[in-house]
Amino acid sequence: MLLLSCPWCGDRSEQEFACGGEAHIVRPLAPEDLDDRAWGDYVFMRRNEKGLHFERWRHVHGCGRWFNVARNTVTHEILAIYQVGDDRPELPE
Amino acid sequence: MSGESNRLTDGGRIDRTRRLSFRFDNKTMYGYQGDTLASALLANGVRLVGRSFKYHRPRGLMAAGGEEPNGLVRLRQGGRAEPNVRATEIILYDGLVAESQNRWPSLEFDLGALNDRLSPLFPAGFYYKTFMWPASMWPRYEAVIRRMAGLGKAATSADPDRYEKQYAHCDVLVVGAGPSGLAAALAAKRTGARVILADEGAEFGGALLGNGQQIDGRPAIAWVAGIEAELAGAENVRLLPRTVVTGYYDHNALVMLERVADHLLQPGPGQPRQRLWQVRAKQVVLATGALERPLVLANNDRPGVMGAAAVQTYINRYGVRPGRRAVLFTNNDGAYPVALDLARAGVAVAAVVDVRARAPIGWRGDLDRLGIELMADRAVLGVVGRKAVTGVQIGKLNEAGNAVVPGLSRHIDCDLLCLSGGWSPTLHLLSQAGTSLQWDARQGCFLPGKARQAVRVVGAANADFRLQDCLNLGADAGNAAANDAGRRRRGRGPHKPLADVEPALTPPRPIWSIPGTGKGGGKAFVDFQSDVTADDLRLAAREGYRSIEHVKRYTTVGMGTDQGRTANINALGIVAEALDVTVPQVGHTTFRPPFSPVAFGALAGGQTGPLLDPVRRTPMHGWHQDHGAVFEPVGQWLRPYSYPKAGEAMAAAVDRETLAVRTSLGLMDASTLGKIDIRGPDAAEFLNRIYTNGWKGLAVGGCRYGLMLGEDGMIFDDGVTVRLGEDHFHMTTTTGNAAPVLDWLESWLQTEWPELSVYCTSCTEQWAVAALCGPNARRLLAELCPDWDLSAEAFPHMTWQTVAMGEVAAGLEARIFRIGFTGELSFEINVPAGHGPALWAALMAAGEKYAITPFGTEAMHVLRAEVGFIMVGQETDGTTTPDDLGLGRMVSRKKEFLGKRSLFRRDTMRQGRPQLVGLLTDDPGHRVPEGAQLIAGADPAPPQRGLGHVTSSYHSPNLGRTFALALLQGGRARQGETIHIAYDGRAVPATVTGPRFLDPGARAK
Ligand SMILES: [Zn+2]
């Protein structure tokens, strides 16, 4: 049961959140210019990291806001929490 | 047995003035306040408490705490009965009823014990070997296995008691209230930290309750009482006795089970039986102690073989003497003080047998004074006696400990054998917390590795066995934990009490199994609860098992309800020896929650029955109830399915409602439709990106049907959205998707399109909606709105108006949408939720002359299917595109929207995708089941190539026959063909048609 710190509400238990999968996936600006493979990569392909993973979470049973989390998927250590739209923080692998 | 034959006349922590009566296997017995069921049974001379799992061997109590493998009983009766409860953890109360398990017909005479005689047939992995073939026989084998090799039986009636859950937060959670835990809790408390101290026992003190040690010159138990008083008086401390920590999860989230009322005849008024705690602790101190291991030797499971420390606890804490003539067998110093306590309690101690060549010197004087024989460099080779110990065979082992030196064997009579095979720190919780364990070959046990969470391990759990170390290190850990949680005590460090001087420890001699005398010496048990012997483990090693995880699953060692608390280390040692490798090379199994069994009732807490999930009711629910509605759950909503009249069959009621809408007038409660208020200067642009069709051209006052896709191009939801103003829309969603659609909208606004100025607000419950449908809909509405022009010209299809209704409708102001889901002339009348019942009543009263008929979801489904309207979740299943449903015209070519690119992927454009069609069975009375597969031929025998499936299937009184919708491969090109609907081994012929069966035509204008 993770302890996540919502940027707006503070420390809350994982039960209040929903994980939205990998972060930093940007919707292509001109989808019609992509071939099937490139579009399929955007829609379907996700990283499955053992270790450092950047992911989206939403405080769904709280303020409802999305934010980004850098988490170690082995130790569940939360390495960073930052706003949607911010760059990935520099973190040791 | 006559009364409490084994009760000492004085001593112990029982209250001899409070006598308690209880029943075990229908026999009435007596104990005292402060007893456990186990101590009371021993006091009454009960040695046989159960039959073992596989061999049905007679078993007695071995332990005094939660590690007890044998003494599992069924506690209480009726709906309160609970199987597999450890007698050592049952606090005795007046009127307690318990019975033994896994025996038939009786504990003394058990037919299953034949398994023991037939035991060559039950080697390790016998389930796998014996019952593998033929597979068809499994159900029969399983029935036999379950009857013969099982544990207790669960209650079959409902549990009348209440269970609850509670959340808690603290700076420091201390697990275990022995000397280390008490010292830690006290030190943390004195910093002002918020402290929770939990202990599974009814009394704090841990090992101090059962041994006679001294602290600060007084009996240790007086020190315990002093600390407990200080902690109990502190506002920053919560004391939880009878509370076992069962799970240690990520980020210091722990789960504890508090047995609130298990020590009472029944819970008091308003009191739960158990309470499940979920704790988030900034820091954790584990003071969980250590478990004494048995020694593995022939027939070491006979009633009368017990752990040495357990025996000490029975004497000192409960005033019970578990035998009359004892032999102690040890590989460490632990048995020596027990021998002295036994002698002081009047038990004849025949010998202390120490497998070490050099027995500790410090105890000799006391042994000599009490006339106890010390047999160093000797071992108990086996136990004599069947239903109880009658003696032991003693001999000498060679230096390697793997063979008996011949000629030195000797028999000693006794009725009690106390075993001390060394101590295993209780590290289950630490292992659950993700900390690896390190093997210590010298002490023969695992020690805590580097912790990954904010946790400290102290006392015997850290293999610190001397009381002074426990007190010092416990206080240090409690203080440091509080400091790390941001609490600091000014000035002094933690107070450290002084324990009496203890004799220096002589190192133990790790020995995993005692070699037998050969030839039929008897089974040497490693795991008593799962009936796994040393030979079973060696067999597994011979058969090629190398990893302990595999050995565990093959032999079932450590898989009982005690998770092998007393078995695991011995099992590792035996497997390592058999494989000729070190213990770390064999590895250790992973501990998983729960540490101690947790009843489902506690996990469910209050969320049972009607409280399992919230129920949502519409404003008009009361009317529906009063008028005979039969409800169906749609998500959390309760919707009227139909309104059968007295004596009317359900199918007839649905037919009647369906007909009424087509011929005159029907009224449906549509309040459950999801409603989202969408506002902002970019609202139209936003909808344009969300829906497949265009929205910028929709005029204020207009309504439009929209389809939403996922990025994979598959239909996600549909509904009508109306434009309330230039920057203001009212979106409707399907009932079940209201929340997912809002989440979907929010995710795009927040993460991908923050430049759009749009705000979405759920208003599902703010509006009551009555859908008035049928040829007479306009006539009735006109009567209710006399000042309003409702003509087709003034109020055309797919528009909405704010209407001031007349007196008959209580002057309500309504938002009326001229839209519908039945194909008939329809008005969806929206009023603020509180006005719903008034609106509904007015419509029903005024509609009487048109025989207005309330209709439910089933009639609505028939009506929409008759005119070919799809239903998301019925005609779609997450693999359906708009074109598959013939809704290609809904897809804009001109603009970009979510999922558009996926509609042009190779797979979504291929020929032969399932397409929506109608199906008419050759037999017009035959209604096929939804979900039935479509096949080409009339022979249903497998193998078959599936061509699609039925998505909706109804009887239509308007058509005078049944009809169905289906997704059929290449279906649009197959109209007029015959296909077959396969189910229940039959193939029903049907003709493929278009998906629209009926056209209301001009009457809907
Ligand atoms: Zn929040």
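Where a number appears in this text, it was derived from the coordinates with a stated rule and is not lab data. Computed from a predicted model, the values in this text were never measured in an experiment. When we count neighbours, we look across all protein chains shown, and the Cβ atoms used for this are built from the backbone with ideal geometry, even at glycine.
General observations
- For segment B:208-224 versus segment B:809-875, the gap between their alpha-carbon centres in whole angstrom: 78
- Mean-position separation - Cα centroids, segment B:500-555 and segment B:727-745, in angstrom: 63
- Segment B:586-736 - share of DSSP beta bridges that are antiparallel (%, nearest 5): 95
- Fraction of antiparallel bridges per DSSP, the protein assembly as shown only, in percent to nearest 5: 75
- Under-5 Å amide H pairs with B:Gly45, H placed in peptide plane, nonlocal only: B:Ser5, B:Asn6
- Links that overshoot a 23 Å alpha carbon limit, given the list B:Lys645/B:Lys849; B:Lys27/B:Lys523; B:Lys696/B:Lys900; B:Lys396/B:Lys523: B:Lys27/B:Lys523
- Compared with the dominant Cα axis of chain B, that is its longest principal axis, helix B:738-747 is turned about 80°.
- The trypsin sites (Lys or Arg not before Pro) of segment B:434-463 meeting both criteria, a DSSP state outside H, G, I, E and B (loop) and at most 14 other C-beta atoms within 10 angstrom of the site's C-beta, are B:Arg442, B:Lys450.
- Degrees between helix B:179-189 axis and first principal axis of chain B (Cα, 0 to 90, nearest 10): 50
- Segment B:292-356: trypsin sites (Lys or Arg not before Pro) in DSSP coil with no more than 13 other Cβ atoms inside 10 Å: B:Arg324
- Anisotropy class assigned to segment B:675-764 is rounded, per the alpha carbon gyration tensor with a/c under the 1.5 cut-off.
- Sparse packing (at most 16 other Cβ atoms within 10 Å of the Cβ) combined with a DSSP loop state is found for the following trypsin sites (Lys or Arg not before Pro) in segment B:679-743: B:Lys696.
- Reducing segment A:1-63 and segment B:40-76 to their Cα centroids gives an inter-centroid distance of 53 Å.
- Overall form of segment B:911-1004 per C-alpha gyration tensor (a/c, 1.5; a/b vs b/c): oblate
- Going from the fewest other Cβ atoms within 10 Å to the most, the residues B:Val175, B:Val349, B:Val598, B:Val224 appear in the order B:Val598, B:Val224, B:Val349, B:Val175.
- Backbone N within segment B:176-194 under 19 Å of label point (7 Å from B:Asp484 Cα along the Cβ vector): B:176-177, B:180-194
- Over chain B, the pair-distance histogram of Cα-Cα distances with 10 Å bins from zero comes to 2, 10, 15, 16, 13, 11, 12, 11, 7, 3, 1, 0 percent, rounded to whole numbers.
- Amide H contacts under 5 Å for B:Arg639, placed H, 5+ residues apart: B:Glu632, B:Val634
- DSSP-defined beta bridges in chain B - what % are antiparallel, rounded to 5: 75
- For chain B, the 222 nm mean residue ellipticity estimated from helices alone, with every DSSP H stretch of n ≥ 4 adding -39500 (n - 2.57) and the total spread over all residues, rounds to -6000 deg cm²/dmol.
- For the protein assembly as shown, the alpha carbon convex hull comes to 224 Å³ per residue, rounded to a whole number.
- Overall shape: oblate for segment B:294-421, with the ratio a/c of the largest to smallest alpha carbon gyration tensor axis at 1.5 or above and b/c at least equal to a/b.
- Cα long-axis angle, helix B:220-232 against chain B (0 to 90 degrees, to the nearest 10): 30
- The H on the amide N of B:Gln443, modeled in the peptide plane, is under 5 Å from the matching H of no residue at least 5 residues off or on a different chain.
- Phi-based couplings in Hz for segment B:298-304 (Karplus 6.51, -1.76, 1.60; Gly and Pro marked x): 4, 6, 6, 9, 5, x, x
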